[in-house]
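Structure first, commentary second.
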Amino acid sequence: MKSLVSSADDADRNLHIVYMGSLPKHNYSPTSHHLSMLQQITNDNDATNHMVRSYYKSFNGFAAMITNQEREKLKKMEGVVSVFPSKSLKPQTTRSWDFMGFKESIQRNKTAESDVIIGVIDTGIWPESESFNDHGFGPIPKKWKGACKGGKNFRCNNKIIGARYYLKDQPSARDIIGHGTHTASVAAGNKVVGASFNGIAEGVARGGVPSARIAAYNVCNEEQGCRPDAILAAFDDAIADGVDLITISIGQPAQMTFDKDTIAIGSFHAMKKGILTINSTGNDGPNNATSSVSPWLFTVAATTMDRRNIDNVLLGNGLMPSGKSINGSASNSAEILSSAGFINNSAPIVAEFSSVGPNMQIREIMKPDVSAPGVEILAAYSPLAPPSPDKRDERSVKYNILSGTSMACPHVAGAAAYVKTFHPDWSPAAIKSSLMTTAKPMNGSELAEFSYGSGFLDPVRAINPGLVFDASKKDYVNLLCRIGYDTMEVRKISGDKSVCPSSSSHHHLPMAKDFNYPAIAAEIEPNKPFRINFTRTVTNVGFANSTYKAYIQQHSGINITVVPNILEFKSLKEKQSFVVHVDGGKFSDNSVVSSSLLWSDGTHSVDIFLTIQGFLVLFAYATLATCQFLSFVSMQGYMASTQGMLFIWKMVRPLHNGPIKVWGKFLTLVTLTENICHVHCLGGG
């Protein structure tokens, strides 16, 4: 009888907002207080079952599932300003994929999709989640060479076909943090009807390639974070296991030389085996640069969508403050719109937290590469992980709403897997090119070119790009040699017997600006007229007989010409080269000009983003820096780490003792001992 009463009681509960005004100035534990209030009105010692969330950062209040009678009791309690039903819209959780035009009904090659294996290097996975059941899945692909070594009580199936862990103090691939489960389900989660976060945003959850298989590699724990040695071991296993793609929503705290960057090294080995690695740009924006800058990595920025679920306070005068503390009383006519869906017509725009470029190690390689949804993404979650940053949060949820470039990264992984189902023989560079050159242009503010890459992801167009920019392991090795890595340093990255030519022969290698990247970027010395040329080669993957014409978006600060401006192809896989000439007047320091070149045959549109940058863009605010000399052959290069930020710059002139202008500040060399130089800022830097 008790269970029947409880069931009826739950059916009568609806989501309500309890607004309590501003936060008290004295010592106060809001979550505990809110739970205590719920316990009093529900006569339930375990009121956490009814709590949805606490508001404790900018104002005081909470959201809870309560009955009408309980609502009236709450209204009479001390400190309560108002209690009202939530005005929630219910957008489908598929919105991120739909927003990209990647609807459930699009053309799919389901047989090929079920043969694709995505390696997820993260915090593990929750195998019992409905997003990962194997109902309707056929046998494991024969190419799979991996194993299910997920630890005690961890079982794989025909959806999660492999699992491994690497930290001894957490001997399981089971996710207790939630991050890995979330990213895996965004990339390849099953279709789940009725998924929601405690009743909020109820709809249909699905990944980009729901029929694909998943291999999970747990390299993180709460105490140690994600250890580099574990990450490299996971790459090693994933490559040997036979994954087709790797998604890793993990990043270094700052840019590192490639021979010391675990993700750069692991992803290079993956690239050698035909495996594309997708990596998040990082959540240190908008002022700090991304640490994911390797040319062979696919670096992803995060954007908003056209619909969001937010918590806002709406005042009686119609104003909606954001992040402000509200002083409330019972008569000030304020209400909270909790988890309310609203239409955001300005989307997509880059999320403020998304780390930006430019690429401080190879300025001619633009980073990030592309943008994808990463704000308020609903996906599967570990029931053992708290659904909020508050570790006191004892709720257990199956799905959670998270934001970050970590959420954008698996969107691109799903899109890349989708492209691979139609083009299984394409190289990692070709798949990356197809997604970059078909991305939708984005508008942005000053320096936005370094935040969104080639644009906003468009997976449907990417399966038929017309032309692709390809690159091989040899091309990447030549690039490393050209920018100053020696043979021993390159071998630390490649793991093989790659050889750089002697210093006197470096000029025979293609310059970094001519690396066959699907975007064009260069840095020019300011206050001087310039002319710079870029060479690119495209491979025809569209129509056998086709003619492409070049269309240029001119900018007032530069003049762009293309030679030839018409490319004629007679067969598939035929290659053609062209040269882009860019002329300009005097650029001031820190100035940036962007434009684009479009190749079109009337059916396909191949969009190439172009950025010209006046010397150095970022700024140094430190008064003391220590830098490590990189011994570049073609230029002088330095690194400096100050106040937790990494600074890298290039000198136009050889090393000398005079002032050097860096990001608008003047640095002067103080001492040079072996490979270490010490510099300080002039002019109040």
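The values are calculated or read from the model by the stated rules, or taken from the named source; none is laboratory data. Because the structure is predicted, anything quoted here is derived from the model rather than measured. Virtual Cβ from ideal backbone geometry, glycine too; neighbours counted across all protein chains shown.
The single residue among Lys168, Lys103 that is under 25 Å from the mean Cα position of the chain (by Cα), in a loop (DSSP other than H, G, I, E, B) and either at pLDDT below 95 or farther than 18 Å from Arg213 by Cα (or both) turns out to be Lys103. Comparison of Ala550, Ala544 shows that the only residue that is out of contact with any Asp or Glu (no Cβ under 7 Å at 6 or more places or on another chain) and closer than 16 Å to Val606 by Cβ is Ala550. Against the condition among the aliphatic types (A, V, I, L, M) and modelled with pLDDT under 85, how does Ala334 come out, does it pass? It is true that Ala334 is among the aliphatic types (A, V, I, L, M) and modelled with pLDDT under 85. Taking the criterion of being farther than 11 Å from Thr547 by Cα, of a type outside the set (Asp, Glu) and surrounded by 13 or more Cβ atoms within 10 Å (Cβ to Cβ), the only residue of the stretch 565-574 that qualifies is Leu572.
Working carefully through the options Phe530, Phe456, Phe534, find the one that is farther than 27 Å from His604 by Cα, aromatic (Phe, Trp, Tyr) and surrounded by 14 or more Cβ atoms within 10 Å (Cβ to Cβ). One residue alone meets the criteria, Phe530. Checked against the criterion of being of a type outside the set (Asp, Glu) and not in a strand (DSSP E or B), the candidates Ile214, Ile176, Ile246 yield just one match: Ile176. Residues that are closer than 13 Å to Gln361 by Cβ, touching a residue at least 24 places away in the same chain (Cβ under 8 Å) and in contact with a Leu (Cβ under 6 Å, 6 or more places away or on another chain) occur in the stretch 247-266; there is at least one. Within the stretch 219-246, the set of residues being on the phi > 0 side of the Ramachandran plot and without any contact (Cβ under 8 Å) to a residue 60 or more places away in the chain comprises Gly225 only. Any residue that is without any contact (Cβ under 8 Å) to a residue 24 or more places away in the chain and either closer than 30 Å to Ala173 by Cβ or not charged (D, E, K, R) (or both) - is there at least one of those in the stretch 415-424? No, the stretch 415-424 has no match at all. Against the conditions (1) under 19 Å from Pro358 (Cβ atoms); (2) in contact with a Phe, Trp or Tyr (Cβ under 8 Å, 6 or more places away or on another chain), where does Lys420 fall short? Just the number, please. The one condition Lys420 does not meet is (1).
Here Tyr485 passes the criteria (1) modelled with pLDDT of 90 or more; (2) crowded, with 19+ Cβ neighbours inside 10 Å; (3) among the hydroxyl-bearing types (Ser, Thr, Tyr) except the one numbered (1).
Cβ-Cβ distances below 9 Å connect the following pairs, each with a first residue in the stretch 541-554 that is touching a residue at least 60 places away in the same chain (Cβ under 8 Å), a second residue that is of a type in the set (Asp, Glu), and a separation of six or more residues or different chains: Gly542/Asp601; Phe543/Asp601; Ser546/Glu568; Ser546/Asp601; Tyr548/Glu568; Tyr548/Asp601. Among residues of the stretch 457-491 being small (Gly, Ala, Ser) and in a loop (DSSP other than H, G, I, E, B), the one that is nearest to the chain's Cα centre (by Cα) is Ala471. Note on the stretch 64-87: among residues that are aliphatic (A, V, I, L, M) and outside any helix (DSSP H, G or I), the one that is modelled with the lowest pLDDT is Val81.
If you scan the stretch 520-545, which residues turn out to be of a type in the set (D, E, K, R) and out of contact with any Leu (no Cβ under 8 Å at 6 or more places or on another chain)? Listed by number, the residues that qualify are Glu525, Lys528, Arg531, Arg536.
Is there a residue being modelled with pLDDT under 95 and touching a Phe, Trp or Tyr at 6+ places or on another chain (Cβ under 8 Å) anywhere in the stretch 532-550? Among the residues of the stretch 532-550, not one is modelled with pLDDT under 95 and touching a Phe, Trp or Tyr at 6+ places or on another chain (Cβ under 8 Å), which makes the answer no. Among the residues making up the stretch 277-295, a single one is buried (at least 24 other Cβ atoms within 10 Å of the Cβ) and more than 15 Å from the chain's Cα centre (by Cα): Pro295. Looking only at residues in the stretch 432-452 that are among the polar types (S, T, N, Q), at pLDDT 95 or above and assigned to a helix (DSSP H, G or I), which one is nearest to Pro295 (Cα to Cα)? That would be Ser433.
Can you find a residue that is touching a helix residue (DSSP H, G or I) at 6+ places or on another chain (Cβ under 9 Å) and either in the same structural domain as Asp369 (by TED's automatic domain parsing) or of a type in the set (D, E, K, R) (or both) anywhere in the stretch 547-565?
no
Looking across the stretch 108-134, the residues that are more than 26 Å from Gly266 (Cβ to Cβ) and not in a helix (DSSP H, G or I) come down to Arg108, Asn109, Ser114, Glu128, Ser129, Asn133, Asp134. Within the option set Lys191, Lys142, being of a type in the set (Lys, Arg) and modelled with pLDDT of 95 or more holds for one residue only, Lys142.
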